[in-house]
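Below: the structure, in structure tokens.
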Amino acid sequence: MKKVQNRNNEKPIQKYRLWVQAGFVLLCIWIGVEFHLFVESLQDGNPSTVGYRPPGVEGFLPISALMSLYYFFLTGEIHQAHPAGFVILTGIISVSFVFGKAFCSWMCPIGFLSELIGDFGDKVANKLFKKRIKMPKILDYPLRSLKYLLLAFFVYSIFFAMTAASLKYFLDSPYNLVADVKMYLFFADISRFALIVIAVLFGLSIVFRNFWCRYLCPYGALLGIFSLLSPNKIKRDPVSCIDCGLCNKACPSFIKVDRVQTVWSDECSTCMSCVDACPVKDTLQLRPLFGKSKINKKYVALGVVGVYLIIVTLGILTGNWQTNITKEQYIIHQKKIESLGHPRSTTDIENLNRQSEKGNTNAPSERR
Ligand code: SF4
Ligand code: SF4
């Protein structure tokens, strides 16, 4: 293949993206270790020896956060069981509004892992077949709709099936109060079935880049929808473009960047790989939808992290970060954690609505 001369002297941003990703992974590891110590300390049953609970753990409770967000829209109140979850979700959605689905390629630890696995898979495929492996189109489109179906289920279950009263009823329930501990126990004492599922997803992600993110992640689906509303898009100047196709090769989402002037895709994660790969100065840039000014790559890095940190700081400063669940409550609910279940169907949710209307104060899904 003819070698393309690089006439673009702008420094690539991928190194900074890697640092940001690594920073968020380290943050998640720290949260995991702290939370592990917290759960261990609950075993003694003594409130004075219960350890520190990192609020950031609520970033791993997306369904509870989505319920909290809807509850906020209906009542104007931020539910105080997992306020950090609400703030983190709001921060991530805000990033998507400004910079598209940048959370996936800059901050998400699963996205980072998926990228590393995908890079490995691409290297192997390039050696063996001289090209990356791509899901056949006939399967790609229906599979991509799976994550939207999962999202539609959650959106229907929360936004259409629940009232403000039933949301509060669920958010106040013992199940939701210790949902973080439940999630921890799921991974700490992982079942064989769950391990097999993870191993299969891992294997599929080697063969088909970003398998989980592209086909199954409902969080990515939600952010993909918000990203379409973002005023900043990857734009190509067809006049200076030399049709080298390097942008296509660099795109982890298989977007045909060289065929469009503006990338309108729910799969674009604003990773800037295509911009870095483009050999012609100012031909491919992140630009506002209206107007010609380009957004400097460094400002993308600062902006993605900055928007998120502004929202988190606002959450902390307004007192919506630390949970109001007491150590005593954690100890009590943790003892019967095995018996706490979550609603599994819309019938369960209708029951929740009925029970909340009756003012029933029992745990909604406590298995007897
Ligand atoms: S179009 Fe560019 S910014 Fe969007 S995912 Fe592909 S490489 Fe990344
Ligand atoms: S926009 Fe894509 S095809 Fe055009 S010059 Fe840049 S990398 Fe090459």
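The values are calculated or read from the model by the stated rules, or taken from the named source; none is laboratory data. What you see is a predicted model, and the numbers here were worked out from it, not measured in a lab. Counting neighbours? That spans all protein chains shown, and the Cβs are built from the backbone with ideal geometry, glycine included. Surface accessibility is based on the protein's heavy atoms, side chains included, excluding ligands, DNA and RNA. Shrake-Rupley method; radii C 1.70, N 1.55, O 1.52, S 1.80 Å.
By accessible area of protein heavy atoms, probe 1.4 Å, what ranking do 35, 153, 160 get, highest first?
Putting 35, 153, 160 in descending order of accessible area: 160, 153, 35.
Would you kindly find the accessible area of residue 40, with a 1.4 Å probe and non-protein molecules such as ligands, DNA and RNA excluded, rounding to the nearest 10 Å²?
Approximately 100 Å² for this residue.
To the nearest 10 square angstrom, how much accessible area does residue 266 have with a 1.4 angstrom probe?
Surface accessible to solvent at residue 266 totals approximately 30 Å².
Using the per-residue mean of other Cβ atoms lying within 10 Å as a proxy for protection, in what order, highest first, do the peptides 97-107, 74-84 fall?
97-107, 74-84
Which one, 61, 181, 261, is farthest towards the positive end of the dipole of the chain when Lys and Arg carry +1 and Asp and Glu -1 on their Cβ?
261
Rounded to the nearest percent, how much of the accessible area of the chain (1.4 Å probe, protein heavy atoms only) is carbon and sulfur?
65 percent
Order the following by accessible area, largest value first: 17, 192, 144. Probe radius 1.4 Å; ligands, DNA and RNA are ignored.
192, 144, 17
Along its three principal axes, how long is segment 181-240 when you only count alpha carbons? Whole Å, largest extent first please.
The Cα atoms of segment 181-240 stretch 56, 29, 14 Å along the principal axes, largest first.
Return the whole-Å distance between the Cα centroid of segment 1-65 and the Cα centroid of segment 208-231.
Between the Cα centres of segment 1-65 and segment 208-231 lies a distance of 19 Å.
Under a straight-distance cross-link criterion of Cα-Cα below 12 Å, which aspartates and glutamates are reachable from residue 11, leaving out those fewer than 8 residues away in the same chain?
Those aspartates and glutamates meeting the cut-off are 276.
Can you work out D for segment 105-243 in µm² s⁻¹ from Stokes-Einstein, where Rh is the Kirkwood radius over C-alpha pairs, the temperature is 37 °C and the viscosity is 0.692 mPa s?
Numbers: Rh = 18.4 Å.
Diffusion coefficient, whole number: 179 µm²/s.
Taking each pair of distinct Cα atoms in segment 123-195 once, what is the resulting Kirkwood hydrodynamic radius in Å? Kindly include the intermediate steps, with their values, before the conclusion.
Working: mean 1/r = 0.0601 Å⁻¹.
Over segment 123-195, the inverse of the mean reciprocal pair distance is 16.6 Å.
Take the alpha carbon gyration tensor of segment 105-149, find the square roots of its eigenvalues, order them as a ≥ b ≥ c, and report rounded if a/c is under 1.5; if not, report prolate when a/b exceeds b/c, else oblate.
oblate
Treat segment 40-79 as a sphere of radius equal to its Kirkwood radius over Cα pairs and apply Stokes-Einstein at 37 °C in a medium of 0.692 mPa s; give the translational diffusion coefficient in µm²/s, rounded to a whole number.
It comes out at roughly 268 µm²/s.
Please identify the cysteines of the chain that lack any partner cysteine with a Cβ under 4.7 Å from their own Cβ.
Here 28, 104, 108, 213, 217, 241, 244, 251, 268, 271, 278 come out as lacking a disulfide-compatible partner, given the Cβ-Cβ threshold of under 4.7 Å.
Under 8 Å for C-alpha pairs, at least 6 residues apart: give me the relative contact order for the chain, rounded to a whole percent. Walk me through the numbers before you get to the answer.
Working: 503 pairs, mean separation 102.6, N = 368.
Relative contact order for the chain comes out at 28 percent.
Before I look further, what does segment 139-215 give for accessible area per residue, probe 1.4 Å, in whole square angstrom?
52 Å²
Return the tail of the calculated pair distribution for the chain, meaning the percent of Cα-Cα pairs more than 30 Å apart. Don't skip to the answer; put the middle values down first.
Values: 29885 of 67528 pairs.
Across the chain, Cα pairs with separations above 30 Å total 44 percent.
Restricting to DSSP loop positions (anything but H, G, I, E, B) with no more than 10 other Cβ atoms inside 10 Å of their own Cβ, which trypsin sites (Lys or Arg not before Pro) remain in segment 239-270?
In loop regions of segment 239-270 (DSSP not H, G, I, E or B), there are no sparsely surrounded trypsin sites (Lys or Arg not before Pro).
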